[in-house]
Amino acid sequence: MKPVDHEMSDRAVLPGLRYRLPPKPDKPSLADLSLQQLTELCRQAEQPRDLCGLVAGVSPLCARECQHRAGGDAALWAEELKKLVTLAPAPYLLQKAGGAPADISAMEITCRDDITCTLQPSFSALLDAFYLQRSREEGLKNASQQLVRNITTLKSRLQRKLAAQEQELH
């Protein structure tokens, strides 16, 4: 973390200062759109990610899941998206095939075959599980990188010693 003063940011988080929210995006909110308006935006979007640029409050993963559930039909896609407004959020942990954490979600994700979606008891447990697994993965990755560096160093050292011994023999 680096120190921030009022000259660096007009939204600084400093003791005693009032926090200001970032400006609202210049796009309509999912909750404010009618089903007809949302259907038209779904027709305009070629990919789920494109919809995120047109509508505020929709993540690429949720847009992709809703499109998957709708089978590609724009009207059904819009209906699935509108359900997100009233959907009770549920804590889902998304994991890759090896068990590595991939993402977290507030809805069940069925559009990706390469991940498993597991319901967690609470959002607190979800975040604990996600970051614990992620830190374990990073720890293993760091340990393996350090091992490779050590082996490489030892190998080059032994190669130099061997070359020096061969020089002495000749």
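The values are calculated or read from the model by the stated rules, or taken from the named source; none is laboratory data. Here the structure is a predicted model, which means the values were calculated and not measured. Reconstructed Cβ throughout: ideal geometry from the backbone, glycine too, with neighbour counts over all protein chains shown. The protein model used for the area step is the full one, side chains on, heavy atoms only, and it has no ligands, DNA or RNA in it. Shrake-Rupley method; radii C 1.70, N 1.55, O 1.52, S 1.80 Å.
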message: Can you give me the C-alpha center-to-center distance between the stretch 42-86 and the stretch 99-130, rounded to a whole angstrom?
response: 20
task: With a 10 Å radius around each residue's Cβ, average the other Cβ atoms per peptide and rank 137-143, 27-33, highest first.
output: 27-33, 137-143
- request: Putting +1 on Lys and Arg Cβ atoms and -1 on Asp and Glu Cβ atoms, find which of 164, 34, 72 reaches farthest to the positive end of the dipole of the chain.
  value: 164
- request: Please sort 123-136, 154-167, 40-53 by packing, taking for each peptide the average over its residues of neighbouring beta carbons within 10 angstrom, highest first.
  value: 40-53, 123-136, 154-167
field: Cα-based reach from residue 96 at 17 Å (exclusive), listing lysines while leaving out same-chain residues under 8 positions away
entry: 141
query: Which entry is the computed log10 I(q)/I(0) by the Debye sum over Cα atoms at q = 0.10, 0.19 Å⁻¹ for this structure: (i) -0.64, -1.15; (ii) -0.72, -1.19; (iii) -0.46, -1.17?
result: (i)
- request: For every other residue with a beta carbon closer than 13 angstrom to the beta carbon of residue 102, add +1 if it is Lys or Arg and -1 if Asp or Glu, then tell me the sum.
  value: -1
- line: Net charge (Lys, Arg +1; Asp, Glu -1) of residues whose beta-carbon lies under 13 Å from that of residue 43, residue 43 excluded, is -4
- prompt: For the chain, which whole-number percentage of the solvent-accessible area (1.4 Å probe, protein heavy atoms only) is attributable to carbon and sulfur atoms?
  reply: 54
message: So for the stretch 41-153, averaging the separation of alpha carbon pairs under 8 Å that are six or more residues apart and normalising by length, what relative contact order in percent results?
response: 17
statement: With residue 155 itself left out, Lys, Arg at +1 and Asp, Glu at -1 over residues whose Cβ is under 12 Å from its Cβ give +4
Which of 55, 85 is most accessible, then next, and so on - probe 1.4 Å: 85, 55
- request: Please get the size of the charge dipole for the chain, origin at its Cα centre, with Cβ charges of +1 on Lys and Arg and -1 on Asp and Glu, quoted in debye to the nearest 20.
  value: 680
query: Put 118, 86 in order of accessible area, largest first, 1.4 Å probe: what do you get?
result: 86, 118
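When a/c is below 1.5 the answer is rounded, else prolate if a/b is larger than b/c, else oblate, so apply that to the stretch 80-124 with a ≥ b ≥ c taken from the square roots of the Cα gyration tensor eigenvalues.
Cα axes put the stretch 80-124 in the oblate bin.
In Å², and per residue, what accessible area does the chain have when probed at 1.4 Å with the other protein chains present?
Value for the chain: 73 Å² per residue.
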